[in-house]
RNA sequence: GCUCCCUUCGUCUAGAGGCCUAGGACGGAGCCCUCUCAAGGCUUAAACGCGGGUUCGAAUCCCGCAGGGAGCGCCA
């Protein structure tokens, strides 16, 4: 039997980190077994589902490069099918019409709560023979009242529910639209899903779904309930704490492989290994290595992984990503150093591309002003003579290359009896506008002779004016 | 309230009765390297929620408790 998994988000918001991890696990499991990965959009809630959210989910999946083999399927396009199955259930005596009003149900729940009971539908319409005039009924599933339903969960193990804990849930609303739990069941059945991997907030829904499946004559799939992902503060993911769109991660300068690598280690592990290529993940991933407990997001670790991939990634690709971020900053990269060269110079000192782009701005644009602190410390009258000496040597330098610049800098400093830092740091401020840049020789090389000298002159002028 | 799930360093985790003086990673601290910022190297602090069992022996098995989470909708 080939493995068929599905990721089934509801488009009521963007794809956030929790959904992305569920998607990743589903994708990984199908890839590992050479199976099929299905994308299904659960948009039966027409009030809250939006086209923008659908697009956001699709964009997020594309950015993470989690391609589906089938779909996206939309539940709103399958309403006829759900109604058909509901009729079948009705016909077979597994479902019935319920005429209870909302008020009636609310009152019933209130009473049960008052009695410290679990609120649930008491089945008062179960054996009703006659319709109630003037009321359009809902359809409820006739849940078994005796016995137990056992979920053999691949992550949580054996979980037993008493059937009398489960009530007769509504499968078709009075407006004729099917409900979530019912659509899921019909879809999982029709799409021949073999493994349902989803958040463990669905564990309680599982016995209900299994019972419907059984009533339909189906064998339930293998379930695997994934532990939740928590915000950095250990509480539920929220807008304030970590629940941002995966696309926001791109904007913040992360690489998809870093996000994926980070995500795969949340609730899953393979010994002590921390870094996984996509291929390794596929090869090594197994449900049995999934944890049972929730995990909190650790932004620091994501940052570390991102830097790892910045340090080790393909220069051409990284250069393109840097270009994207510089463009976002409004920087014109058509003139200036090559992006690949820049990445090479910057990759050890940036945790994100956003950071790298900000720190690379001065390669393309003359700094408007010097960082006050850096200027006060380094662009002082006493360094002017050294900078002038250096300027002469730079003008005379035959080739403007890193190693040549390195030598000139060292020799000049030595000749003047200065430590290299005394010369390099003022120069850095002169050309970059601040106290931070790649090694000064690499910086000058990337900047080129003309720009470097021009900025050096400007700094000398600045010193003169401020002395 | 009822049902279900969860509980190893701050965080992610290894750990399937003796390999545990509980290992790794991120983060932290310190040192080294150094033209800035980093990167890198080395060192270091830091955890089995609590209480009972079972056993020669328990982080590992069982039972309670406590704490956390989820579900209990004509939401998904």
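Just so you know, all these numbers are worked out from the coordinates, no wet-lab data involved. Remember, predicted model here, so these are calculated numbers, not experimental data. Note that we place each Cβ from the backbone using ideal geometry, even for glycine, and neighbour counts take in every protein chain shown.
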Quiz item: When A:269, A:30 are ordered from fewest to most other Cβ atoms inside 10 Å of their Cβ, what list results?
Solution: A:269, A:30
Quiz prompt | Chain lengthening between residue A:292 and residue A:312 when straightened (0.36 nm per residue, less Cα-Cα) | solution = 3.9 nm
Quiz item: Just how far, in whole angstrom, is region A:243-300 from region A:414-467 if you go by their alpha carbon centroids?
Solution: 42 Å
Quiz item: Using Cα atoms only, what is the angle between the long axis of helix A:315-328 and the major principal axis of chain A, expressed in degrees (0 to 90) to the nearest 10?
Solution: 90 degrees
Exercise. Round to the nearest 0.05 the FRET efficiency obtained for residue A:164 and residue A:106 when R0 = 30 Å and r is the Cβ-Cβ distance.
Key: 0.85
Quiz prompt | Compactness index (Cα Rg / 2.2 N^0.38 Å), chain A | solution = 1.38
Exercise. Would you work out if region A:356-413 is rounded, prolate or oblate? Take a ≥ b ≥ c from the square roots of the eigenvalues of the alpha-carbon gyration tensor; rounded if a/c is under 1.5, else prolate when a/b is larger than b/c, oblate otherwise.
Key: oblate
Exercise. Note down, for region A:9-118, the three equivalent ellipsoid semi-axes (square root of 5 times each alpha carbon gyration tensor eigenvalue), biggest first, whole angstrom.
Key: 35, 20, 16
Self-check item: Those residues of region A:38-60 whose amide nitrogen sits under 12 Å from the label point placed on residue A:76, 7 Å along Cα→Cβ
Solution: A:41-55
Practice problem: Counting other beta carbons within 10 Å of each Cβ, put A:138, A:150 in order, fewest first. | Solution: A:150, A:138
Practice problem: Extending each Cα 7 Å along its Cβ direction at residue A:58 and residue A:129, get the distance between those two points in nm, one decimal. | Solution: 5.3 nm
Quiz item: By how many nm would the segment from residue A:148 to residue A:279 lengthen if fully extended, with 0.36 nm per residue of separation less the alpha-carbon distance?
Solution: 43.0 nm
Quiz item: Using a Förster distance of 22 Å, how high is the FRET efficiency between residue A:461 and residue A:404, based on the Cβ-Cβ distance and rounded to 0.05?
Solution: 0.25
Exercise. Please report A:208, A:328 as a ranked list, fewest other C-beta atoms within 10 angstrom at the top and most at the bottom.
Key: A:328, A:208
Self-check item: Using alpha-carbon coordinates, inclination of helix A:402-415 to the longest axis of chain A, degrees
Solution: 50 degrees
Quiz item: Could you give the angle, 0 to 90 degrees to the nearest 10, between helix A:449-465's Cα long axis and the longest principal axis of the Cα atoms of chain A?
Solution: 70 degrees
Exercise. Please give the calculated 222 nm ellipticity per residue for chain A, where each DSSP H segment of at least 4 residues contributes -39500 (n - 2.57) and the sum is spread over every residue; nearest 500 deg cm²/dmol?
Key: -14000 deg cm²/dmol
Practice problem: For residue A:418 paired with residue A:454, estimate the spin-label separation in nm (one decimal), with each label point 7 Å from Cα along the Cα-to-Cβ line. | Solution: 2.4 nm
Quiz item: Roughly what % antiparallel, to the nearest 5, for the DSSP beta bridges in chain A?
Solution: 50 percent
Practice problem: Work out how much length residue A:91 to residue A:373 would gain on full extension: take 0.36 nm times their residue separation and subtract the Cα-Cα distance, in nm to one decimal. | Solution: 93.4 nm
Quiz item: What is the calculated FRET efficiency for residue A:300 to residue A:436, with r their C-beta to C-beta distance and R₀ = 30 Å, to the nearest 0.05?
Solution: 0.90
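For region A:129-195, just say rounded, prolate or oblate: build the C-alpha gyration tensor, square-root its eigenvalues into a ≥ b ≥ c, call rounded for a/c under 1.5, and beyond that prolate if a/b exceeds b/c, oblate if not.
Oblate shape, in that a/c is at least 1.5 and b/c is the bigger or equal ratio.
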